[in-house]
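Here the structure comes first, spelled out in structure tokens, and everything after it is commentary.
Readers should treat all values here as calculations from the given coordinates under stated rules, not as data from a laboratory. In this text the structure is predicted, and so the values were computed from the model without any measurement. Cβ placement follows ideal geometry from the backbone for every residue including glycine, while neighbour counts extend to all protein chains displayed.
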Amino acid sequence: MATIPLVLHAEPYYKAFREKHLRWGIAQPPVIAEHFIWTKADVRSRHAHVLLAEDQAEVENNAFALPVVLPCRPGPFRRVVVILHGLNESEYRKYFPWACTLARTGIPVVLFPIAFLVNRRPRQWHTDNETQRRLRARQAQAGNDVVTRYNAILSERLEHHPERLFLGGRQSYFDLLDLAASLHNGTFALDTREDEGAPTRHPFAAGTRVDWLGFSIGGYLTLGLLLGEPEHPALADSRAIIFAAAAPFVHADRTLIANPLSPFILDERATERVRAFYRSPDADALWDNPEGQWCRAVFRAEQQTLAAALPRIRSRLLTIGNTSDTVVPAAGMETTLGRLDCLLELGAHEYPFSLADVWQAGVTRSVAKSYNVHPAYEAGFRRFMQMVIDFLG
């Protein structure tokens, strides 16, 4: 087993790329490093119709850019990994070491934003006035706890309409099928200026294998894709890493359920509203579609449904849990997936390679530097990336 060249410090690449390169419709020069190139692709969602009527016209959610990281060698490439992030993420910085390490070893990467998250968030959510207004409203609610400027907007949206969690996932599900097809067919197109050293506009060959690295809510979505689309040409040979994901939302043993109560995910009232909705009959009509049956099976730990389908794809899954995870407990993952392939001792769920505890003082300083792997988690990151790369082959 060859030692992989880790990228532990991705700060310069993050600062060179950042959000300015994610403006939809504006071509940017690529960020060219010694071993990889950061660029982007502009896409449009064709599936806003599955959302609530009031959410369907949000421009930023429907026209958005995908960060792309390519090895510094001539294409066309015949493989790619799509990285899917966690719930309530607002930026990609913590994924830069993951993406750079994969590209450094020769594996191209596309980072995909789930509906209404990261660079698909409506522009007005970015303003301090809007954040403070919603924060004060959440703080004023009787009995509400763990209210922060980071979780206030999503908490408000999901408390009012908890079905948004599934509907946004469903839009993303269809968007990902479109993405996978374009990658597999070789039609995926970059949006980049014709600078010296820039990659070709169509970097992937026809027949490209599309693999997945799904973290947190992105892992739920990845699992749903492979369960729900076994005959899709772009997914038939896909391999997927399910990392810190797939614990049920409903279970008699509360130690096994996913717990999104966090300064960086949801506040207390939103957490309880989401839990209550997805265990109630109110969610049944929402799941009355092919995509919904797999979401229901995982959320409600429907063992009979899962037992009939999981064996068909299990050899193409690498399941990784985190002993320190209180959001998606490893034991909860095993309720859905069976025995995990790997259990790592990492940091907190929200930033597994950056900090031990999201409740500690000075946490925002650690989060701000999450584009670098913290020295305390370098060994865990090495093992994580080694397993991922060995599995992908």
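Some observations on this one:
- Rounded to 5, the percent of DSSP beta bridges in the chain classed as antiparallel: 35
- Interchain or long-range residues, amide H under 5 Å from SER90's placed H: VAL118
- Each listed q (0.16, 0.17, 0.23 Å⁻¹) maps to a log10 I(q)/I(0) for the range 156-226 from the Debye sum over equal C-alpha point scatterers, namely -0.72, -0.77, -1.01.
- Shown here for the range 280-339: trypsin sites (Lys or Arg not before Pro) in loop regions (DSSP other than H, G, I, E, B) with at most 13 other Cβ atoms within 10 Å, namely ARG339.
- Order by protection proxy (mean Cβ within 10 Å, highest first), peptides 141-148, 239-246: 239-246, 141-148
- Long-range HN-HN contacts of LEU344 with modeled amide H, under 5 Å: GLY321, ASN322, THR323
- Counting only GluC sites (Glu not before Pro) that DSSP places in a loop and that have at most 14 other Cβ atoms within 10 Å, the longest clean stretch of the chain runs over 35-193.
- Calculated [θ] (222 nm, deg cm²/dmol) that DSSP helices of n ≥ 4 give over the chain, each run adding -39,500 (n - 2.57): -10500 deg cm²/dmol
- Placing dummy labels 7 Å off each Cα toward the beta-carbon, the span from ASN185 to ASP128 is 4.7 nm.
- Expected-Rg normalisation [2.2 N^0.38 Å, Cα atoms] applied to the range 318-357: 1.09
- Whole-angstrom gap from the range 1-34 to the range 142-221, using each part's C-alpha centre: 18
- Amide proton proximity set for ARG209, modelled H, under 5 Å, gap of 5+: ARG79, VAL80
- By the beta-carbon count within 10 Å of each Cβ, the least crowded to most crowded order of ASP211, ASP267, ASP128, ASP237, fewest first, is ASP128, ASP237, ASP211, ASP267.
- Sorted by Cβ density within 10 Å, fewest first, the residues ARG79, ARG201, ARG269: ARG201, ARG79, ARG269
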